[in-house]
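Presented below is the structure to which this report refers.
The values are calculated or read from the model by the stated rules, or taken from the named source; none is laboratory data. The structure displayed is predicted, hence computed values, not measured ones. Cβ placement follows ideal geometry from the backbone for every residue including glycine, while neighbour counts extend to all protein chains displayed. Side chains are part of the model used for accessible areas, which takes the heavy atoms of the whole protein and leaves out ligands, DNA and RNA. Shrake-Rupley method; radii C 1.70, N 1.55, O 1.52, S 1.80 Å.
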Amino acid sequence: MSSLENLTAKILQDAEGRAVEIVEKARAEAGRILAQSEAEADAQRDSLMAQAHTDAERAKEQIVNGEQLKLRDRKLAAKQETIDRVFAIALERLNAGMNEKEYLRFLESYLVDAPIAGTEQVVLPARFQSLNLAPINLKRIAAGKVGQLTAAQDAQAIDGGFVLTNEGAQNKFTFDSLLDYYRDELEREVVQALF
C-alpha cells in the first residue's frame, strides 16, 4: 500500500500546491480588483468634487449676477424717480411761476405764427382769465393772418399753458401736455445734467 499512500500523498501534495497557487492568484486578483475599485472610487469622488465645485461656482455666479441686476434695477429706479421729480418740479414752476406779462409772451410765442384758423377760443388758466388777447390778434393781423382769437368764458381746470377750441375740437398746449410731448428729448438733457 505504500505506493497507494505515496500516490495519495502526491495527489494531496499537488492539490495543496494547487490550492496555494489558486489562493495566491485569488488574493492577487482580489488585490488588483480592490486597487482598481479604489482607483475608480477615487476618480469618481474627484469627478463629483469637481462637479460640485463647478456647480457651486455657477450658483455663486448666478447669485452675484442676480444681486448685480437687482442693484442696477434699484439704481435705475432711483434715477427715474429723480428724473420724474425734476419734471414735476419744472411743471410746478411753469404753472405757478409766470406773471401776466410773461404769460402773454408765452402765448404770443405760440399763437402769433401758429398755423391755426385764428378764430379759436383760447382756454386760459383761471388766474389769467381776464387776459386781453388783442395784442396777439394785432400781431397775427400784421403777419397777414386771421386775428380773431377770443378768451373762452367757460374756464377749464388747467394750471398752466392753454387749450385752443374750435367747433368742438380741442388742441391742448397745457404745460403738462407739452412736457409729456417733449419729455423724451428733454429727459436726455436732464440725464446729462444730473448724471
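Structure values in brief
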quantity: Helix-only [θ]222 nm of the chain, DSSP H runs n ≥ 4, -39500 (n - 2.57) each, per residue, nearest 500; calculated: -25500 deg cm²/dmol
quantity: Relative contact order of the chain, pairs being alpha-carbon contacts under 8 Å that are 6 or more residues apart, as %; calculated: 16 percent
quantity: Cα-based Kirkwood hydrodynamic radius, segment 137-195, one decimal, Å; calculated: 14.2 Å
quantity: Kirkwood hydrodynamic radius (C-alpha pairs) into Stokes-Einstein, segment 78-180, 10 °C and 1.306 mPa s, D in µm²/s; calculated: 110 µm²/s
quantity: Accessible surface of segment 153-195 [probe 1.4 Å, protein heavy atoms]: carbon and sulfur percent; calculated: 44 percent
quantity: Average accessible area per residue (Å²) across segment 109-195 - probe 1.4 Å, nucleic acids and ligands excluded; calculated: 61 Å²
quantity: Two-decimal ratio, segment 112-164, of alpha-carbon radius of gyration to 2.2 N^0.38 Å; calculated: 1.11
quantity: Stretch gain in nm, segment L194-R18, where the contour uses 0.36 nm per residue and the Cα spacing is subtracted; calculated: 53.9 nm
quantity: Paired Rg and Dmax values of segment 75-136, which use every Cα atom, in angstrom; calculated: 16.1, 51
quantity: P(r) histogram, all alpha-carbon pairs of segment 1-80 included - 5 Å bins from 0, percent; calculated: 4, 11, 8, 7, 7, 7, 6, 7, 5, 6, 5, 5, 4, 4, 3, 3, 3, 2, 2, 1, 1, 1, 0
quantity: Burial order of peptide ranges 81-90, 121-130 (average beta-carbon count within 10 Å, highest first); calculated: 121-130, 81-90
quantity: Distance in nm between pseudo-label sites at A169 and S3 (7 Å out along the Cβ direction from Cα); calculated: 13.9 nm
quantity: Full-extension gain in nm, R27 to E102, via 0.36 nm per residue minus C-alpha separation; calculated: 16.2 nm
quantity: Debye intensity ratio in log₁₀ form over the Cα atoms of the chain, taken at each q of 0.14, 0.16 Å⁻¹; calculated: -0.94, -1.07
